[in-house]
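Here's the structure we're looking at; comments come further down.
The values are calculated or read from the model by the stated rules, or taken from the named source; none is laboratory data. Computed from a prediction, not measured in an experiment: that's the story for all the values here. Don't worry about glycine lacking a Cβ; one is built from the backbone with ideal geometry, like all the others, and counts go over all protein chains shown.
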Amino acid sequence: MKYISTRGQSEPRTFIEAVKEGLARDGGLLVPENLPDFSNELDRFSTLPYQDLAAEIFSPFIDDEIHIDRVKELITKSYSTFDSAEITPLVYHDRLAILELFHGPTLAFKDVALQFLGNLFEEILNKDGSCLNILGATSGDTGSAAIHGVRGKRNIRIFMIHPRGKVSPIQEKQMTTVLDPNVHNLAIEGTFDDAQRAVKEVFNDLDFRDRYQLGAVNSINWARVMAQIVYYFYSAFVYMNRFGVQNLSFSVPTGNFGDIYAGYLAKKMGLPIEKLILATNENDILYRTIKTGTYKINDVHATISPSMDIQIASNFERFVFDISGRDGDSIESKMKDLAQNGEFSLSEKEVQQAREHFLPARVDTERTLDTMKRYKASGIELDPHTAVGIAAAEDSGIEHVIALATAHPAKFGDAVKKATGVSPEYPASLEGILEKESRCQVVKNNYQSVEAVIDQTLAGQIT
Ligand SMILES: *Cc1c(COP(=O)(O)O)cnc(C)c1O
């Protein structure tokens with residue numbers, strides 16, 4: 001399979017190149033040249049265990065670049081860290097099904113993709129003998145999932161910057177108590193935006209970037225999207241078998257549009273999905289886009305579902321590329337509008353296509369807290385991100401819906417306490433974490449300080 005850029009100006013890439021590169025050289029995102037059609041395979045797929053289903057779905061995307069037996073081993077290894085035999089189990093609340101995506105090591109759905117990406121990186125680097133130094137900024141969830149994805153791996157080091165004192169104590173400890181020698185936590189004296197700016201500036205220092213072979217693990221990496229397609233198929237089969245229905249919908253708490261974009265791909269590949277409910281909090285840029293046809297950046301609001309507090313939904317570009325008829329020039333001009341005016345418009349035809357697939361919903365904080373409280377009363381504890389998706393599913397009036405549960409409630413204990421009056425219980429993996437030994441370096445709020453830490457750490461390790 002070849003991967004092409006949404007901006008149309010880069011040479012096609014192989015799977016391995018696409019995974020290593022992340023972003024295309026022309027600034028666009030990489031997408032597969034075409035999608036496999038699984039509509040005639042659904043019966044056969046419907047009885048497979050999660051790992052075997054993943055191998056079937058990955059196979060056309062990876063081709064023979066990695067032997068399928070090896071791909072299966074990587075998948076098995078990646079999900080052996082999950083504490084549920086089903087990997088992503090479904091629980092039921094009347095007709096609503098909740099898909100628990102938080103059984104990985106850091107208790108958030110990002111583990112599903114990052115456990116696999118870590119093993120995939122290791123495989124690729126071992127083969128070609130190169131090294132990768134991952135640099136990233138995090139407001140909490142992505143950093144811990146990325147660190148747990150690559151800890152202890154040969155040929156990979158990770159430098160993860162968080163804003164000092166501005167992530168929750170649990171999130172901080174999930175990162176800084178990982179003591180493997182290839183893991184380096186940096187706490188910057190600033191905000192998340194400062195951390196992100198420093199990372200960007202280091203990447204723009206091309207000499208530095210090439211010298212240390214810097215790489216990224218953010219949600220635009222194709223392999224992350226690919227790994228997320230699997231649980232749509234897996235859970236749909238479980239649900240359709242149980243209720244004897246022929247199609248269903250999903251409700252997805254959305255930030256960067258990575259997770260729900262994987263659902264859209266599953267639909268395109270033949271899974272009978274009626275609607276994808278696109279659930280946002282007060283940061284409702286995607287809700288407004290599908291309602292009005294204009295993608296317009298507003299200020300970011302800090303909410304109780306912080307992993308959805310975004311201004312720019314990077315993966316949306318992949319979807320717009322599709323509905324534009326895969327027209328790189330059209331994307332180039334939309335992105336120019338966005339950079340110059342803070343907005344771009346979809347054509348009437350494009351908006352209609354978006355509405356065919358997505359049902360937009362906006363759920364405010366009050367409604368989110370109320371949803372958490374109601375579910376707690378019937379014995380189900382929800383994290384605030386999951387509650388946004390569930391409220392949106394309730395509002396949709398659609399009968400058959402799977403709502404994605406993207407984080408364990410214990411990760412967002414303050415919000416749970418606020419909604420229900422009771423703090424959530426910690427799962428075993430978090431017990432005692434606040435007292436564990438940790439390691440982290442404080443850096444000044446500029447990119448030179450970040451480069452200095454990387455220089456010192458890697459001195460003598462690079463030939
Ligand atoms: C990242 C995240 C989301 C948003 O997912 P996107 O792929 O960015 O849309 C939702 N909930 C939680 C808990 C997350 O960590």
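Sort out which residues of segment 387-425 are surrounded by fewer than 17 Cβ atoms within 10 Å (Cβ to Cβ), more than 16 Å from the ligand (Cβ to nearest atom) and of a type in the set (Asp, Glu), and write them in order of number.
Once the filter is applied, which keeps residues that are surrounded by fewer than 17 Cβ atoms within 10 Å (Cβ to Cβ), more than 16 Å from the ligand (Cβ to nearest atom) and of a type in the set (Asp, Glu), segment 387-425 yields Asp395, Glu399, Glu425.
I need the full set of residues from segment 310-323 which are farther than 13 Å from Met335 by Cα and either more than 10 Å from the ligand (Cβ to nearest atom) or not in a loop (DSSP other than H, G, I, E, B) (or both), in order please.
Selection gives Gln311, Phe319, Asp322, Ile323.
Can you list residue pairs whose Cβ atoms sit under 6 Å apart, with the first residue in segment 307-334 being in contact (Cβ under 8 Å) with a residue 12 or more places away in the chain and the second being more than 12 Å from the ligand (Cβ to nearest atom) and polar (S, T, N, Q)? Count only pairs 6 or more apart in sequence or on different chains.
From residues that are in contact (Cβ under 8 Å) with a residue 12 or more places away in the chain, the pairs are Glu317/Thr6; Phe321/Thr6; Ile323/Gln353; Ser324/Ser330; Ile331/Thr6.
Condition first: β-branched (Val, Ile, Thr) and farther than 19 Å from Leu74 by Cβ. Now tell me which residues in segment 84-105 satisfy that.
Correct list: Val91, Ile98.
Can Lys373 be described as basic (Lys, Arg), assigned to a helix (DSSP H, G or I) and free of Cβ contacts under 8 Å to residues at least 24 places away in the same chain?
No, not satisfied.
From the set of residues in segment 134-172 that are among the polar types (S, T, N, Q) and not in a helix (DSSP H, G or I), which is farthest from Ile188 (Cα to Cα)? Break it down into steps so the answer makes sense when it comes.
First, the residues of segment 134-172 that are among the polar types (S, T, N, Q): 138-139, 142, 144, 155, 168, 171.
Then drop every residue that is not not in a helix (DSSP H, G or I), which leaves 138-139, 155, 168.
Working: Thr138: 11, Ser139: 12, Asn155: 25, Ser168: 15 Å.
Among those residues, the one meeting the criterion is Asn155.
Quick check on segment 60-73. Is at least one of its residues outside any helix (DSSP H, G or I), hydrophobic (A, V, I, L, M, F, W, C) and touching a residue at least 24 places away in the same chain (Cβ under 8 Å)? Explain how you work it out, then say what you get.
The first filter runs over segment 60-73 and keeps only residues outside any helix (DSSP H, G or I), leaving 63-67.
Going one step further and asking which of them are hydrophobic (A, V, I, L, M, F, W, C), we end up with 66.
Narrowing the set further to residues that are touching a residue at least 24 places away in the same chain (Cβ under 8 Å) leaves 66.
There is at least one residue in segment 60-73 that is outside any helix (DSSP H, G or I), hydrophobic (A, V, I, L, M, F, W, C) and touching a residue at least 24 places away in the same chain (Cβ under 8 Å).
In this structure, is Ser305 within 16 Å of the ligand (Cβ to nearest atom), more than 26 Å from Ile161 (Cα to Cα) and crowded, with 23+ Cβ neighbours inside 10 Å? Full working, then the answer.
On the way: within 16 Å of the ligand (Cβ to nearest atom): yes; more than 26 Å from Ile161 (Cα to Cα): no; crowded, with 23+ Cβ neighbours inside 10 Å: yes.
No, not satisfied.
If you go through segment 354-361 one residue at a time, do you hit one that is modelled with pLDDT under 95 and surrounded by fewer than 22 Cβ atoms within 10 Å (Cβ to Cβ)?
As a first pass, look at segment 354-361 and keep what is modelled with pLDDT under 95: none.
Among the residues of segment 354-361, not one is modelled with pLDDT under 95 and surrounded by fewer than 22 Cβ atoms within 10 Å (Cβ to Cβ), which makes the answer no.
Quick one: Ser130 ticks every box in (1) within 22 Å of Ile260 (Cα to Cα); (2) more than 16 Å from the ligand (Cβ to nearest atom) bar one, so which box is it?
(1)
Report yes if Leu120 is in contact (Cβ under 8 Å) with a residue 60 or more places away in the chain, more than 14 Å from the chain's Cα centre (by Cα), crowded, with 24+ Cβ neighbours inside 10 Å and in a helix (DSSP H, G or I), otherwise no. Explain how you work it out, then say what you get.
Values: in contact (Cβ under 8 Å) with a residue 60 or more places away in the chain: yes; more than 14 Å from the chain's Cα centre (by Cα): yes; crowded, with 24+ Cβ neighbours inside 10 Å: yes; in a helix (DSSP H, G or I): yes.
Judged against the criteria, Leu120 is a match.
Looking only at segment 332-350, how many residues end up being within 18 Å of Lys267 (Cα to Cα) and touching a Gly at 6+ places or on another chain (Cβ under 6 Å)? Quick ask: steps written out before the conclusion?
Looking only at segment 332-350, we keep the residues that are within 18 Å of Lys267 (Cα to Cα), and these are 350.
From what is left, the residues that are touching a Gly at 6+ places or on another chain (Cβ under 6 Å) are none.
Here the count works out to 0.
May I ask you to say which residue of Ala262, Ala279 is part of a helix (DSSP H, G or I), aliphatic (A, V, I, L, M) and within 13 Å of the ligand (Cβ to nearest atom)?
Details: Ala279 fails: part of a helix (DSSP H, G or I).
Only one candidate qualifies: Ala262.
Of the conditions (1) more than 12 Å from the ligand (Cβ to nearest atom); (2) under 24 Å from Thr365 (Cα atoms); (3) out of contact with any strand residue (DSSP E or B) (no Cβ under 9 Å at 6 or more places or on another chain); (4) acidic (Asp, Glu), Asp329 satisfies every one except a single condition; which number is it?
(2)
Only residues in segment 202-214 that are modelled with pLDDT under 90 count as the first member; pair them with residues that are hydroxyl-bearing (Ser, Thr, Tyr), Cβ under 9 angstrom, at least 6 apart or cross-chain, and list the lot.
Pairs found: Asn204/Tyr447; Asp205/Tyr447; Gln213/Ser130.
Residues that are within 26 Å of Ile304 (Cβ to Cβ) and of a type in the set (A, V, I, L, M), at least 1 per element: which helices (runs of 4 or more DSSP H) completely within segment 380-463 meet that? Quick ask: steps written out before the conclusion?
On the way: elements: 384-396, 413-420, 447-458.
Answer list for segment 380-463: 384-396, 413-420.
Among the residues of segment 286-300, is there at least one that is free of Cβ contacts under 8 Å to residues at least 40 places away in the same chain, β-branched (Val, Ile, Thr), under 18 Å from Ala361 (Cα atoms) and in a loop (DSSP other than H, G, I, E, B)?
Scanning segment 286-300 turns up at least one residue that is free of Cβ contacts under 8 Å to residues at least 40 places away in the same chain, β-branched (Val, Ile, Thr), under 18 Å from Ala361 (Cα atoms) and in a loop (DSSP other than H, G, I, E, B).
Within segment 337-386, track down each residue that is within 16 Å of the ligand (Cβ to nearest atom) and among the acidic types (Asp, Glu).
Residues satisfying the conditions are Glu381, Asp383.
Under 9 Å between Cβ atoms, which residue pairs at least 6 apart in sequence (or on different chains) link something in segment 412-437 that is within 16 Å of Asp83 (Cβ to Cβ) with a partner that is surrounded by 13 or more Cβ atoms within 10 Å (Cβ to Cβ) and of a type in the set (Ser, Thr, Tyr)?
Filtered contacts from segment 412-437: Ser429/Thr106; Ile433/Thr177; Ile433/Tyr426.
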